[in-house]
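Any read-out appearing in this document is the output of simple, stated calculations on the displayed coordinates, not a laboratory observation. Keep in mind that this is a model prediction, so the values were computed, not measured. FYI the Cβ positions are ideal-geometry reconstructions off the backbone, even for glycines, and counts take in every protein chain you see.
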Amino acid sequence: MQEKENVLRILEETKDAILKEDSVKLKELSNQTIHTASTSQDPDNIAVAVVVYSLSKIIERKQYQGFAGWKKFYVEIVSTIDDSISSIKNSDDKKLREGLTKIRKTVSQLSGKLKIYIQDVFRKAEINKASKIYEHGISMEQTASLLGVTLFELASYAGQKPEISDVILNKTVDVKKRIKTAMEMFQ
Amino acid sequence: MKFEKAIIFDAGTIINFAMNGLLEEFRGLKKIFNGKFLITKEVKIEVVDKPLSIKKFMLEALKIKELLDEKILEMPSDIGVDENLITKMTDEIRDHANSIFYTRGEAIQIIASGESSCIALSKILTEKNITNVIAVDERTIRVLFEKPENLESLLGKKLHAHIQAKTEHFKEFKGYKFIRSAELIYVAYKKGIVKLKNNNFQILDALLYALKFNGCAISDEEISEIEKLNKV
């Protein structure tokens, strides 16, 4: 785990935001994790980014709270975050990893519509975070492999982000020159 | 080797054609191309092998596999290039590229094997005097090899960190040519391969934006420039 102090702060603030049902704060916290996740590419940092972003979406969608199993899910998530905070304080990386995995397991133990919706939230969170890491300058394939998403998913998601395709620094060769290269190949 | 030209495809470009239902246009391009369309085994893993096990993308994977069966796309071994040599060079290129940019004393891992394998194959073909270009839609590898100083700036800006770059290695990235699916579809359009019938401007615009929205790193400004070029 890289930048433990930063991750500890993020998890503490995450717990606080969950209790206050502050989805905006959670999204902001998730964005703060992405710089470290991009440079370190450490699986634990990436897992924290995905979990915090997923929680922001889950908390944002108030309708989930009406589904069977919500209460148990909520209690377990808060408790697992508490455990993860303790693990970082005790420098117990193994336990932290187990905690982050447990959050995913908590989802798989759900049933009915809530399970389907929350699984979908986690999947989309992986694609969102992959897109963010790609936006930071890491290649698409490298990013896809880090997040366990396919290039098919990442390409279509990232393709819709002007913050990736319309960045001036992407322009390396004049488009006319590139067209000329392509046309010449087909002569 | 009895051919003089080749286009080496990265995964994203093929995926883009497949996702947009443009594989007939892809076949059309191959028909008028006096050379080979190539993919490495590392790219095949990304466009065929992996998606074949995922129901959501199985159909696209099967369609791409058909391109290989029809020899529209060929593997390096089909043209007598040693796969082991590509693997060895791929590892070297990837490891080298991943030790160029540093932040807080740590090397940033920027590229993976599939992308590196395209560079390796391009290098091998160039040494054999075969004119080649790499078709790549994602931006990192293209920026790294065409203007690495831009990638240095992008990393620094996005990571809000000071980036240390081994700039003395930048010159090693020179000598590769890149095109994107956008330029390929422009060729298809100009050569009458695109069969859609409508207002000309609309077709080209629709094609370019469809490719952009499925991962081709092209800006709105560049699309406008291509469209202006079409009117000349």
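3J(HN,Hα) along region A:95-111: 5, 4, 4, 4, x, 5, 5, 4, 4, 5, 5, 4, 5, 5, 7, 6, 9 Hz, from the Karplus curve 6.51 cos²θ - 1.76 cosθ + 1.60 with θ = phi - 60°, whole Hz, x for Gly and Pro. With K and R counted +1 and D and E -1, the other residues having a Cβ less than 11 Å from that of residue A:147 yield a net charge of +1. Computed from backbone phi, the HN-Hα couplings of region B:226-232 come to 5, 5, 5, 4, 5, 7, 5 Hz, rounded to whole numbers (Karplus: 6.51 cos²θ - 1.76 cosθ + 1.60, θ = phi - 60°; Gly and Pro given as x). Just round it to a whole percent: the fraction of Cα-Cα distances in chain A exceeding 30 Å. In whole percent, the long-distance tail amounts to 26.
Here, P(r) means the percent of Cα pairs in each 10 Å bin from 0 to the largest distance; for region A:116-187 it is 18, 37, 27, 13, 4, 0. Remark: the protein assembly as shown projects, on average over all directions, an area of 21.3 nm² (convex hull of Cα atoms).
Once backbone amide H atoms are built at 1.01 Å from N, residue B:36 has B:5, B:6, B:7 as its partners under 5 Å, excluding neighbours fewer than 5 places away on the same chain. Looking at region A:63-111, the pairs of alpha carbons with a distance over 18 Å make up 35% of the total. Here's how it looks for residue B:178: its modeled amide H is under 5 Å from those of B:134, which are all 5 or more places away or on a different chain. A Cα-only calculation for region A:82-151 places Rg and Dmax at 14.7, 39 Å. About its Cα centre, region B:1-73 has a charge dipole of approximately 140 debye under the convention of +1 per Lys or Arg Cβ and -1 per Asp or Glu Cβ, with nothing else charged.
3J(HN,Hα) couplings calculated from phi for region A:58-72 with the Karplus curve 6.51 cos²θ - 1.76 cosθ + 1.60 (θ = phi - 60°) are, in sequence order, 5, 5, 4, 8, 4, 4, 4, 5, x, 7, 4, x, 4, 4, 5 Hz; Gly and Pro show x. Extent of region B:46-155 along its three principal axes (Cα atoms, max minus min coordinate, largest first): 47, 39, 22 Å. Counting neighbouring beta carbons within 10 Å and listing from fewest to most, the residues A:35, B:160, B:96, B:169 come out as B:160, B:169, B:96, A:35. Per the Debye calculation on region B:85-232 with a single equal scatterer at every Cα and no solvent contribution, log₁₀ I(q)/I(0) for q = 0.10 Å⁻¹ amounts to -0.44.
Each of A:58, A:43, A:32 was placed along the dipole of region A:26-76 (beta-carbon charges, centred on the mean Cα), and the one lying farthest toward the positive end is A:58.
If the Kirkwood radius is taken over C-alpha pairs of region A:1-100, then at 37 °C and 0.692 mPa s the Stokes-Einstein diffusion coefficient equals 242 µm²/s. For a paramagnetic label modelled at 7 Å from the Cα of residue B:168 toward its Cβ, which residues of region B:132-155 fall within the zone defined by backbone nitrogen distances under 20 Å? Output list for this probe position: B:148-149, B:152. Listed cross-link partners A:15/A:57; A:71/B:56; A:171/B:88; A:105/B:63 are compared with a 24 Å cut-off, the Cα-Cα value being larger for A:71/B:56; A:171/B:88; A:105/B:63. Relative to the longest principal axis of the Cα atoms of chain A, helix A:175-185 runs at roughly 70 degrees.
Net charge of the neighbourhood of residue B:84, taken over other residues with C-beta under 12 Å away and scored Lys/Arg +1, Asp/Glu -1, is -1. Scanning chain B for GluC sites (Glu not before Pro) lying in DSSP loops with no more than 16 further Cβ atoms inside 10 Å, the longest uninterrupted stretch between such sites is B:71-232. Only Lys, Arg, Asp and Glu carry charge here, each on its Cβ (+1 for the first two, -1 for the last two); on that basis region A:61-187 has a dipole of about 380 debye about its Cα centre.
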